[in-house]
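The values are calculated or read from the model by the stated rules, or taken from the named source; none is laboratory data. As the structure is a computational prediction, the values presented were derived from the model and not from experiment. Reconstructed Cβ throughout: ideal geometry from the backbone, glycine too, with neighbour counts over all protein chains shown. Remember, those area values only see protein heavy atoms, side chains included, never the ligands or the DNA or RNA. Shrake-Rupley method; radii C 1.70, N 1.55, O 1.52, S 1.80 Å.
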Amino acid sequence: MKITILTIGKLKEKYLTDAVNEYLKRLKSYATIEIIELPERRTVDEEGESILSRLPKDSWKCVLDVSGVSMSSEDLAQTISNLAINGQSHLTFVIGSAFGLSQKLREAANLKLSLSKMTFTHQMTRVILIEQIYRTFKINRGEKYHW
């Protein structure tokens, strides 16, 4: 499976970079992960256009959105398992900036997912998302990690 993470901005803190790198290392045996960092723009619509221009056409698209649907880790694992069973081999997750997401970007998504009702920085969101992707593969393979 191929997973693309499209995100606005770069990770700045070493502890966040270290966390992402650790999960990327762990994920190597499960999937090919590509992280595409796009520069911040002046408006949410400009950022939305930038992201839309980089969305892989053949992928299933999930935007992280505070107003999206909440799922348990098991629900996310089942969703990804169902996609794989149905032949979807490329997933794209989108993390916006502090501005949020444009309406056009929300409309292009197959799923709008909320990680929590709490607000996280887009940098912290990247760490949480990649950990949940790793957890998904562990759940789907019945491997120890998720209790």
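What's the longest bit of the chain with no exposed GluC sites (Glu not before Pro), using DSSP loop states and at most 16 other Cβ atoms within 10 Å as the test?
41-142
Near the amide H of L38, within less than 5 Å, lie the amide hydrogens of T7, I8, G9, all on another chain or at least 5 residues away, with H placed in the peptide plane.
Using θ = phi - 60° in the Karplus curve 6.51 cos²θ - 1.76 cosθ + 1.60, the 3J(HN,Hα) couplings for the stretch 72-79 round to 6, 4, 5, 5, 5, 4, 5, 4 Hz; x is entered for Gly and Pro.
Taken per residue, the accessible surface of the stretch 45-147 reaches 52 Å², heavy atoms only and a 1.4 Å probe. Each of T121, Y145, Q78 was scored by the projection of its Cα onto the charge dipole of the chain, and the greatest displacement toward the positive side belongs to Y145; charges sit on the C-beta of Lys, Arg, Asp and Glu. Given in Å, the Rg to one decimal and the Dmax to the nearest whole number for the Cα atoms of the stretch 1-111 are 14.3, 40.
Within a straight-line Cα-Cα reach of under 24 Å, K138 can be paired with the following lysines, leaving aside sequence neighbours fewer than 8 residues apart in one chain: K2, K25, K28, K61, K112. Rolling a 1.4 Å probe over the protein heavy atoms of the chain, with every protein chain left in place, gives an accessible area that is 51 percent carbon and sulfur. From the alpha carbon centroid of the stretch 1-44 to that of the stretch 91-147 is 11 Å. Residues whose amide H falls under 5 Å from that of L55, counting only those 5 or more places apart or on a different chain, are absent, with hydrogens built in the peptide plane. Only Lys, Arg, Asp and Glu carry charge here, each on its Cβ (+1 for the first two, -1 for the last two); on that basis the stretch 1-138 has a dipole of about 220 debye about its Cα centre. Beta bridges per DSSP, both residues in the chain: antiparallel share near 5 percent. Under a 5 Å amide H cut-off, with hydrogens placed 1.01 Å from N, V66 pairs with nothing among residues at least 5 apart or on other chains. For the stretch 23-108, the set of trypsin sites (Lys or Arg not before Pro) satisfying both a DSSP loop assignment and a count of at most 10 other C-beta atoms within 10 Å is given as K28, R42, K57. For T119, the accessible surface of its heavy atoms amounts to roughly 130 Å² (probe 1.4 Å, protein chains only, rounded to the nearest 10).
Computed from backbone phi, the HN-Hα couplings of the stretch 49-65 come to 5, 4, 5, 4, 5, 9, 5, x, 5, 8, 9, 7, 10, 10, 9, 8, 9 Hz, rounded to whole numbers (Karplus: 6.51 cos²θ - 1.76 cosθ + 1.60, θ = phi - 60°; Gly and Pro given as x).
Computed from backbone phi, the HN-Hα couplings of the stretch 101-114 come to 10, 6, 4, 4, 5, 4, 5, 7, 7, 7, 8, 10, 10, 9 Hz, rounded to whole numbers (Karplus: 6.51 cos²θ - 1.76 cosθ + 1.60, θ = phi - 60°; Gly and Pro given as x).
Could you tell me how many degrees, from 0 to 90 and to the nearest 10, lie between the Cα long axis of helix 14-27 and the main elongation axis, the longest principal axis, of the Cα atoms of the chain? That helix lies at roughly 40 degrees to the long axis.
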